[in-house]
Amino acid sequence: MSDLPKSILITEEGPREGFQVEQEPIATARKVELIDALSQTGLKRIQVVSFVDPKRVPGMADAEQVVAGIRVKPGVEYTGLWLNQKGLERARATGKLTLEGKISLYPSEKFLMRNNNRTLEQQTEYVHRVLDSYQEHGIPVERGSISNAFGCNFQGDIPLAKVVAMVGEIYDIAARHGLHIRELSLADTMAWATPLQVKRTVGAIREQYPDIRINLHLHDTRGMGIANAYAGLEMGVDMFDSSVAGLGGCPFAGHKGASGNVCTEDLVFMCEEIGVRTGVDLDVLIEAARLAENIVGHPLPGSVMKGGSLAKLRQSAR
């Protein structure tokens, strides 16, 4: 009936996703406090900051200070996001982050202009330039990424054929630089995806590129995040981005109600309950989620952080 993976890899994006959209400033020390708490949960990858224009994203103005304050836990990779060469140089200068390049394409030119201030042609030119820089500095590139893979608030539905064709473009660009793409991230940046659409998209890509490992970056604006994640699991997807307590949202999505990635503790709870290993201590993660809510000073949408895990209830019922 399904192709559930035995285990999944979660990239925690709450610190970056969340603190980039909070209206009130968050103290650097408190950002570091959350990242350090997440480091103790069993999560292996945490995206901690983005190196972007502080005038456009004031919540990331202290990116370097946040990275400097992290207590690095062995076995945990700390990553950052950048959108241009300057951002990459800032990330490199920290000397503390795991740097991994990717080939990022956008089927929606309207969103690309809002998010990166580039046309589709300019984005392709940028990708070639940055790939040269990655190779110059020994930064590995094994991933392709497609934003707005399921729909866009500014451009509408994204045809499936366009997404599949864009995967081919990623492979072509990689080949020109002597690179081999092993992973593909599909981002539901504006929460247009439905479970059926997730299955159709993953299935269509797998038909043409059966060896690619797929990562899903799902947002929960319309309450479909966890359902879409389950649909991905049924298709064998074993890599997900998520956000502790449901922190965050895209500041350029053009939707006041835009929310962050699928909630990490909700995703972990679901996976563990259906026999898919995550390597995460759910109880410790729930405490980190409650800490996140305390830091931002307002309710966050995570469900399991409020309802708790079932482990203690099972013990008490014996």
Checked pairs for the stretch 140-151, first within 16 Å of residue 218 (Cα to Cα) and touching a residue at least 40 places away in the same chain (Cβ under 8 Å), second of a type in the set (Asp, Glu) and part of a loop (DSSP other than H, G, I, E, B), C-beta under 8 Å and 6 or more apart or across chains, list as 151/157
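Condition check: on the phi > 0 side of the Ramachandran plot and at pLDDT below 95. Does residue 117 satisfy that? Break it down into steps so the answer makes sense when it comes.
Numbers: on the phi > 0 side of the Ramachandran plot: yes; at pLDDT below 95: yes.
Spelling it out, residue 117 is indeed on the phi > 0 side of the Ramachandran plot and at pLDDT below 95.
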I'd like the full set of residues that are free of Cβ contacts under 8 Å to residues at least 40 places away in the same chain and either touching a helix residue (DSSP H, G or I) at 6+ places or on another chain (Cβ under 7 Å) or hydroxyl-bearing (Ser, Thr, Tyr) (or both), limited to the stretch 293-307. 299
So which of 285, 267 ends up being under 21 Å from residue 38 (Cα atoms), in contact with a strand residue (DSSP E or B) (Cβ under 7 Å, 6 or more places away or on another chain) and at pLDDT 95 or above? 267
Here's a check for you: in the stretch 78-95, which residue that is more than 14 Å from the chain's Cα centre (by Cα) and without any contact (Cβ under 8 Å) to a residue 40 or more places away in the chain is nearest to residue 11 (Cα to Cα)? 83
Within the set of pairs 6+ apart or on separate chains, which have a first residue in the stretch 210-238 that is within 16 Å of residue 263 (Cα to Cα) and open to solvent by 20 Å² or more (accessible area, probe 1.4 Å), a second that is polar (S, T, N, Q) and part of a loop (DSSP other than H, G, I, E, B), and C-beta atoms under 7 Å apart? 220/259; 221/259; 224/194
The stretch 268-291, residues that are open to solvent by 50 Å² or more (accessible area, probe 1.4 Å) and of a type in the set (Gly, Ala, Ser): 275, 279
Selection from the stretch 1-42 of residues that are at pLDDT below 95 and over 18 Å from residue 246 (Cα atoms): 1, 2, 3, 25
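The values are calculated or read from the model by the stated rules, or taken from the named source; none is laboratory data. All of these numbers come straight from a predicted model, not from anything done at the bench. As a convention, Cβ positions derive from the backbone with ideal geometry for all residues, glycine included, and neighbour counts pool all protein chains shown. When the accessible area is computed, the model is the full protein with side chains, heavy atoms only, and any ligands, DNA or RNA have been set aside. Shrake-Rupley method; radii C 1.70, N 1.55, O 1.52, S 1.80 Å.
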